[in-house]
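Readers should treat all values here as calculations from the given coordinates under stated rules, not as data from a laboratory. Here the structure is a predicted model, which means the values were calculated and not measured. Cβ placement follows ideal geometry from the backbone for every residue including glycine, while neighbour counts extend to all protein chains displayed.
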Amino acid sequence: MDRVVCDIFASTEVLKKYETSSLSLGDNPVNNAGMNETKIPGVYIMGNDRPTLYVGVSGYLPIRILEHKQGKGSSFTRKYKLTKLLYYEYCETIFQAIIREKQIKKMLRKEKLELIRTNNKMLIDIFSEVTIESDLFGSPPSEDDGVGDRMTGGRLE
């Protein structure tokens, strides 16, 4: 399955189309960018069976998604039991991940579901992909490495 890498759009016209580039499973956007291989910044969409959707961003995706699955994520994900990872994109920097998160949040619900279905037609939990890929990227960063983890999100209409 192809995996998406953050695509930060230069023009408003392109932004409206929400185009993304793909990355095959064997490629590592973090290492390719020359960054510390323990950092895996990205944006993700959590959901439930409805699906109620939640968009978030993290400096290390596997750990943040696991927190949501264990009920340690945001109060919104706990309240609505959003434990299924439906979509994710890796980014070269946390800054790009935050920009991409804002782009996705501006999409209509229908557009978000179309984005999710580009790689996850059945809307199944794809967390195992992230954990397999994290083995390729390396271990998580230590808490005192000076790089904070920012996560924002909210209910999507």
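Past 25 Å, Cα to Cα: identify those pairs from Lys39/Lys81; Lys39/Lys79; Lys39/Lys121; Lys72/Lys121; Lys69/Lys112; Lys69/Lys121, in the order given.
Lys39/Lys81; Lys39/Lys79; Lys39/Lys121; Lys72/Lys121
Per residue of the range 104-121, what does 6.51 cos²θ - 1.76 cosθ + 1.60 with θ = phi - 60° give for ³J(HN,Hα)? Whole Hz please, x for Gly and Pro, Karplus curve as stated.
Rounded to whole hertz, the list is 5, 4, 6, 5, 5, 3, 4, 5, 5, 5, 4, 4, 4, 6, 4, 10, 9, 4.
What is the calculated FRET efficiency for Ile63 to Lys106, with r their C-beta to C-beta distance and R₀ = 25 Å, to the nearest 0.05?
Computed FRET efficiency for Ile63 and Lys106 comes out at 0.40.
Label-point separation (nm) for Phe95 and Thr118, each offset 7 Å from Cα along Cα-to-Cβ?
With each label placed 7 Å out from Cα toward Cβ, I get 2.3 nm.
Give me a comma-separated list of calculated 3J(HN,Hα) values for the range 81-95, in order, Karplus coefficients 6.51, -1.76, 1.60 applied at θ = phi - 60°, integers in Hz, x for any Gly or Pro.
6, 8, 10, 9, 7, 9, 7, 7, 9, 8, 10, 6, 9, 5, 4
What is the spin-label model distance, in nm, from Arg50 to Lys72 if the labels are put 7 Å beyond Cα along the C-beta direction?
Simple spin-label model gives 2.6 nm for this pair.
So who's got an amide H within less than 5 Å of the one on Leu53, skipping anything under 5 residues away but keeping other chains? H placed 1.01 Å off N, in plane.
So Leu53 has HN proximity to Leu156.
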